[in-house]
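Encoded as structure tokens, the structure appears first; notes follow it.
The values are calculated or read from the model by the stated rules, or taken from the named source; none is laboratory data. All figures in this text were calculated on a predicted structure; none of them were measured in a lab. Here the Cβ positions follow ideal geometry from the backbone for every residue, glycine too, while neighbour counts run over all protein chains shown.
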Amino acid sequence: MSDSYYNKEDLGKFGEISEWQPELGKKFFDYYASVFKEGSLSAREKALIALAVAHTIQCPYCIDAYTKDSVKRGIEEEEMMEALHVAGAIRGGASLVHGVQMMNKAKELLM
């Protein structure tokens, strides 16, 4: 079965999200464009951050978009994979640090 919940074509329709609420859509896209402008971080650095976050939130649209953006900006495969491993390490660490909460509760219950 090759059906998918996500349709690649929908990524190209992202701008249409403003159709039912133009004012809020404009505000979002203005904000979005401002975020990705060169600033203290370069557009290249922001692309790598976006790629890592895309994997963390597991958004296939974002993964496609920021992989394309990264390649367009000359980011090498090894750099993209390293960014992904940073995201994976943070995500894994976030799960493990909650183990302290579990340990505290278990100790409380077992005392």
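Which of the residues that make up the range 1-32 are of a type in the set (Ser, Thr, Tyr) and under 15 Å from Tyr61 (Cβ atoms)? Steps first, answer last, please.
Residues of the range 1-32 of a type in the set (Ser, Thr, Tyr): 2, 4-6, 18, 31-32.
Selection gives Ser4, Tyr5, Tyr6, Tyr32.
Taking helices (runs of 4 or more DSSP H) that fall entirely within the range 49-111, which contain at least 3 residues that are touching a Ser or Thr at 6+ places or on another chain (Cβ under 9 Å)? Give the steps one after another, and end with the answer.
Details: elements: 60-72, 77-97, 99-110.
In the range 49-111, 77-97 are the helices (runs of 4 or more DSSP H) which contain 3 or more residues that are touching a Ser or Thr at 6+ places or on another chain (Cβ under 9 Å).
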Check: Taking the range 9-23 as the search range and keeping residues that are outside any loop (DSSP other than H, G, I, E, B) and either within 24 Å of the chain's Cα centre (by Cα) or at pLDDT below 90 (or both), which one is farthest from Ala65 (Cα to Cα)?
Finding: Ser18
Note to self: Condition first: surrounded by 10 or more Cβ atoms within 10 Å (Cβ to Cβ) and closer than 28 Å to Asp10 by Cβ. Can you find one or more residues in the range 92-111 that meet it?
What the structure shows: no
